[in-house]
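S.K.: The structure follows.
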2 protein chains.
Amino acid sequence: MPSPPDTPDRGLSPRTTIIDVARAAGVHPSTVSRALNPATRGMVTDAVAERVMAAAERLGWRPSALAAGLRTRRSRTIGILVPDLVNPVFPPIVRAAEARFAEAGYVALVANTDTDPLREALLIERMAAHLVDGLILASAAQGSRALELCARWGIPVVLINRRLPAAGVPAVVNDDVLGMMLAVRHLVALGHRRIAHIAGPPGVSTAMDRRRGFELAAAEAGIEAGPIIATSAYTEAAGRHAAEEVLRGPPVTAIAAANDMLCLGVYEALAAAGRGIGRDMSVTGFNDMPFVDRISPPLTTVRIQHAAMGRQAADVLLAELGGAPQPARDIMLEPLLVVRDSAGPPPARVT
Amino acid sequence: MPSPPDTPDRGLSPRTTIIDVARAAGVHPSTVSRALNPATRGMVTDAVAERVMAAAERLGWRPSALAAGLRTRRSRTIGILVPDLVNPVFPPIVRAAEARFAEAGYVALVANTDTDPLREALLIERMAAHLVDGLILASAAQGSRALELCARWGIPVVLINRRLPAAGVPAVVNDDVLGMMLAVRHLVALGHRRIAHIAGPPGVSTAMDRRRGFELAAAEAGIEAGPIIATSAYTEAAGRHAAEEVLRGPPVTAIAAANDMLCLGVYEALAAAGRGIGRDMSVTGFNDMPFVDRISPPLTTVRIQHAAMGRQAADVLLAELGGAPQPARDIMLEPLLVVRDSAGPPPARVT
DNA sequence: TTGTAAGCGTTATCAT
DNA sequence: ATGATAACGCTTACAA
């Protein structure tokens with residue numbers, strides 16, 4: 001027939017396929033497939049492999065991940081879901097994970113959930129449609145249907161940063177309990193006996209664990225676990241309000257906040273109240289997010305191994321994809337106290 | 001036959017396909033395809049559509065983007081390449097672009113090039129294998145083979161943040177010339193007559209354009225375009241070295257830096273030299289990156305519309321994918337001077 | 001409006 | 001070690 005039956009032509013010359021390469025190399029397409037795929041190259045003679053690869057190169061052949069994925073049911077694609085890439089906690093994690101996946105030949109689909117369960121579900125659905133081989137979830141919050149969806153579609157998941165106790169999936173997180181204990185121990189060592197805690201939002205493991213660390217450290221030091229103010233979100237405004245509440249309450253000499261962002265608000269409230277930070281009132285944060293070493297005074301805080309977190313999560317997922325079913329346990333990363341100037345000895349007792 | 005011919009079974013029940021749905025709904029698979037695809041739903045009776053969708057829902061059918069993509073040669077996937085997601089400039093851009101693409105039904109493959117041309121080429125190749133419908137490049141630097149590769153494979157590209165003059169592809173960038181002029185005009189209005197410029201690395205459009213803005217503004221004000229110190233990278237260390245060089249040179253009362261990161265180094269150098277920032281020496285930055293409002297003194301800088309950049313780049317690419325070939329022109333976004341405390345009037349002349 | 005059939009590019013399972 | 005063949009799941013001219 002003179003006219004082609006199907007013409008989705010976009011002006012592109014028709015793609016070079018392994019069939020073209022086969023013709024050029026004088027072998028069967030299956031042989032080309034074997035020669036071109038590093039994993040099966042061993043099945044063909046070196047001479048043939050050479051010839052095929054030369055032909056492929058000459059014809060400008062490129063693999064079609066789509067066609068291969070359709071056949072193998074694996075896309076060599078990983079989904080990474082974060083609440084908000086603009087939150088400075090996530091870029092280092094995502095970057096490290098992406099790098100690790102790239103090494104292993106995977107590409108990463110990244111999306112922001114905006115902490116919106118509907119959006120999250122939609123994105124997971126879409127990623128499932130793209131046949132992601134696995135999913136990294138940094139947005140885990142209690143009550144999310146995410147894990148349920150993944151389970152339904154058989155998508156392996158690794159949680160990151162936040163864990164979901166008893167969720168049945170592996171998680172790579174910071175040891176938040178220990179981290180907060182480090183901060184409080186530091187304050188205690190400086191001489192503080194009355195310390196307030198500004199806690200994170202409910203239902204989030206980082207908030208719960210850090211709060212527990214606060215209580216444990218207080219018990220350990222034999223001091224009362226001072227006022228604990230819960231916030232509704234890890235935001236500057238929430239931190240400011242909480243600090244104002246602390247100032248209105250029973251006197252304390254230090255505030256251990258669950259998060260650096262909260263500290264920015266704490267700084268504002270203290271400045272407004274005329275309290276010298278690190279002198280009249282000590283403050284510690286959590287995360288060691290970028291630039292908290294440049295604010296005034298530089299923030300004493302707990303550093304999290306963000307990059308290691310992303311890398312390890314990727315490793316766990318890759319291991320699972322490699323056929324080794326992963327135990328649903330939490331991998332804890334060691335936090336590190338970073339001492340700067342926002343926490344000092346308590347002011348001399350006026351009495 | 002008792003034994004299935006092909007068993008790539010991973011423990012998953014065999015996927016529900018439109019064929020299963022067709023059987024359940026009592027129609028032909030092609031009808032199912034039409035009913036399930038929003039774009040072609042109009043071709044079938046409402047009643048049939050209802051029936052098909054109900055059956056699909058009941059059977060737990062999910063679309064296979066791979067199969068569809070293989071057929072249509074479009075993956076509904078966009079690649080986004082950034083040098084380094086940890087650089088605070090990029091998250092807002094990527095986030096906004098991703099959001100826009102998501103709205104349009106696309107998913108985003110995000111990767112970090114690390115400013116490594118080889119890595120960049122590898123990633124583009126891999127994205128091509130995944131049949132990305134388009135590419136957003138934030139890593140454009142002179143001498144990169146990226147555009148060449150994309151052109152070879154017919155992948156539409158939009159540059160972002162940095163432009164490549166005469167590259168033949170659309171770019172969405174900040175108006176860097178104007179931005180630097182705003183900064184210098186501000187300094188001039190404050191009374192400065194001898195201003196130094198710390199410029200960005202060579203071959204990068206932001207550096208070249210901001211430098212030109214500096215020169216134009218100086219000419220406009222009838223003052224000499226003071227010492228211009230070129231740096232090798234937008235880093236804190238480079239900024240420190242450059243500032244030290246400025247201090248060693250002919251006296252100036254202000255420094256207009258090409259980038260906020262450089263300013264952090266400038267602050268250090270000035271502090272080390274005992275110069276009061278904003279009093280003995282004024283400083284302006286560029287980008288208004290996160291937290292420069294929290295350093296001491298808060299930085300006067302030029303704000304870039306990062307989010308708008310990402311959104312517009314996405315829009316341009318989507319328009320192109322929609323069939324409207326885009327002109328290869330630069331879309332300039334309006335910068336905004338943000339006045340804080342790092343720039344004040346020059347010190348009274350001692351003479 | 002719906003059915004028919006061909007094909008997207010690759011890989012897995014045979015058989016040789 | 002290589003060849004033949006049949007899928008993978010979906011879309012789309014074309015026919016009815």
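Any read-out appearing in this document is the output of simple, stated calculations on the displayed coordinates, not a laboratory observation. Model, not experiment: these values are computed from the prediction. Virtual Cβ from ideal backbone geometry, glycine too; neighbours counted across all protein chains shown.
S.K.: If r is the Cβ-Cβ distance from A:Leu59 to B:Asp116 and R0 is 25 Å, what FRET efficiency results, to the nearest 0.05?
M.R.: The value I calculate is 0.35.
S.K.: What number, in percent, do you get for the relative contact order of region B:178-244 if the mean sequence gap of Cα pairs under 8 Å and at least 6 apart is divided by its residue count?
M.R.: Working: 82 pairs, mean separation 26.0, N = 67.
Relative contact order comes out at 39 percent.
S.K.: Now for a separate question. Return the long-range amide H neighbours of B:Val172 (sequence gap of 5 or more, or a different chain), with a cut-off of under 5 Å between placed amide H atoms.
M.R.: B:Leu159, B:Ile160, B:Asn161, B:Ile331
S.K.: So what J values fall out for region B:75-91 if you push phi through Karplus, 6.51 cos²θ - 1.76 cosθ + 1.60 with θ = phi - 60°, rounded to Hz, Gly and Pro as x?
M.R.: Working through the residues one at a time gives 9, 6, 9, 10, x, 10, 10, 10, x, 6, 4, 7, 5, x, 5, 7, x Hz.
S.K.: For the Cα atoms of chain A, what angle does the longest principal axis make with the long axis of helix A:117-129, in degrees from 0 to 90, nearest 10?
M.R.: 20 degrees
S.K.: Looking at A:Ala56, A:Leu66, A:Met43, which one has the Cα that reaches farthest to the positive end of the dipole of region A:28-73 (charges on Cβ: Lys, Arg +1; Asp, Glu -1)?
M.R.: Towards the positive end, the residue furthest out is A:Leu66.
S.K.: While we're here: Between B:Ala272 and A:Ala233, what FRET efficiency follows from the Cβ-Cβ distance if R0 is 41 Å, with the result rounded to 0.05? Please report the intermediate quantities before stating the final value.
M.R.: On the way: r = 39 Å, r/R0 = 0.95.
Working from the Cβ atoms, E equals 0.60.
S.K.: Using the Karplus curve 6.51 cos²θ - 1.76 cosθ + 1.60 with θ = phi - 60°, work out ³J(HN,Hα) for each residue of region A:203-208 in order, rounded to whole Hz, and write x for Gly and Pro.
M.R.: Residue by residue, region A:203-208 yields x, 10, 4, 4, 5, 5 Hz.
S.K.: If you put a point 7 Å past Cα along the Cβ direction, how far is that point for A:Leu59 from the same point in each other copy, in nm, smallest first?
M.R.: Here A:Leu59 shows inter-copy label distances of 3.6 nm.
S.K.: State to the nearest 20 debye the size of the charge dipole of the protein assembly as shown about its Cα centre, where the only charges are +1 on K and R beta carbons and -1 on D and E beta carbons. Write down the numbers at each step before the final one.
M.R.: Details: 72 positive and 68 negative charges, 167 e Å.
Around 800 debye, computed over the protein assembly as shown.
S.K.: Using +1 at the C-beta of Lys and Arg and -1 at the C-beta of Asp and Glu, which of A:Ala243, A:Ala313, A:Pro227 has the Cα lying farthest in the positive direction of the dipole of region A:198-345?
M.R.: Selected residue: A:Ala243.
S.K.: Shifting gears a bit: Just report the Cα centroid separation between region B:229-286 and region A:117-190, whole Å.
M.R.: Taking the Cα centre of region A:117-190 as reference, the centre of region B:229-286 is 42 Å away.
S.K.: Which of B:Leu264, B:Leu36, B:Leu337 ends up with the largest GNM mean-square fluctuation for chain B, with Cα atoms connected below 10 Å?
M.R.: Most flexible of the set in this elastic network: B:Leu36.
S.K.: For chain B, what does -39500 (n - 2.57) per DSSP helix run (n ≥ 4), summed and divided by total residues, give at 222 nm, in deg cm²/dmol to the nearest 500? Could you put the intermediate results ahead of the total?
M.R.: Values: 12 runs with 147 residues, N = 351.
The helix contribution divided over chain B gives -13000 deg cm²/dmol.
S.K.: Follow-up question, since we're still on this one. How many nanometers, to one decimal and shortest first, lie between the label point of A:Gly26 and those of its other copies, if labels sit 7 Å from Cα toward Cβ?
M.R.: 6.0
S.K.: Then there's this: Pull up all non-local amide H partners of A:Val283: gap of 5 or more, or a different chain, and H-to-H distance under 5 Å with H placed in the peptide plane.
M.R.: A:Ile255, A:Gly278, A:Ala343, A:Gly344
S.K.: Restrict the search to region A:294-351; then list the trypsin sites (Lys or Arg not before Pro) that DSSP places in a loop and that have at most 12 other Cβ atoms within 10 Å of their Cβ. Intermediate results must be reported in sequence, preceding the final value.
M.R.: On the way: sites: A:Arg294, A:Arg303, A:Arg311, A:Arg329, A:Arg340, A:Arg349; in loops: A:Arg294, A:Arg329, A:Arg340, A:Arg349.
In loop regions of region A:294-351 (DSSP not H, G, I, E or B), the sparsely surrounded trypsin sites (Lys or Arg not before Pro) are A:Arg329, A:Arg349.
S.K.: Going 7 Å from Cα along the Cα-Cβ axis for the label, what nanometre distances separate B:Glu245 from the same residue across the other copies?
M.R.: Here B:Glu245 shows inter-copy label distances of 5.3 nm.
S.K.: Using amide H atoms built in the peptide plane, which far-off residues or other-chain residues are under 5 Å from B:Asn259 H to H?
M.R.: Here B:Phe286 satisfy the definition.
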